[in-house]
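Contents: one structure, followed by commentary.
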């Protein structure tokens, strides 16, 4: 559980800095494959911490205001 929170905190830190980040970029930042990255992002979205923005070729994430 602690590892999950650390990854989520890292994602939030980067979202504060960049405001909007693609799933692919987050994968590179936290060093996980697509499956686990999406799992963390979807959990954070369900917790109300971040917002998903879908575009034609990518999904972007931003911190909820």
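Taken together, the values in this text are just the output of simple stated rules run on the coordinates, not laboratory data. Since this is a predicted model, take the numbers as computed values, not measurements. Note that each Cβ is placed from the backbone with ideal geometry, even for glycine, and that neighbours are counted across all protein chains shown.
No other residue among 16, 49 is touching a strand residue (DSSP E or B) at 6+ places or on another chain (Cβ under 9 Å), touching a residue at least 40 places away in the same chain (Cβ under 8 Å) and loosely packed, with under 15 Cβ neighbours inside 10 Å apart from 16. All conditions but one from (1) free of Cβ contacts under 8 Å to residues at least 24 places away in the same chain; (2) surrounded by 14 or more Cβ atoms within 10 Å (Cβ to Cβ) apply to residue 5; the one that does not is (2). All of (1) touching a strand residue (DSSP E or B) at 6+ places or on another chain (Cβ under 9 Å); (2) surrounded by 13 or more Cβ atoms within 10 Å (Cβ to Cβ) hold for residue 42 with one exception: (2).
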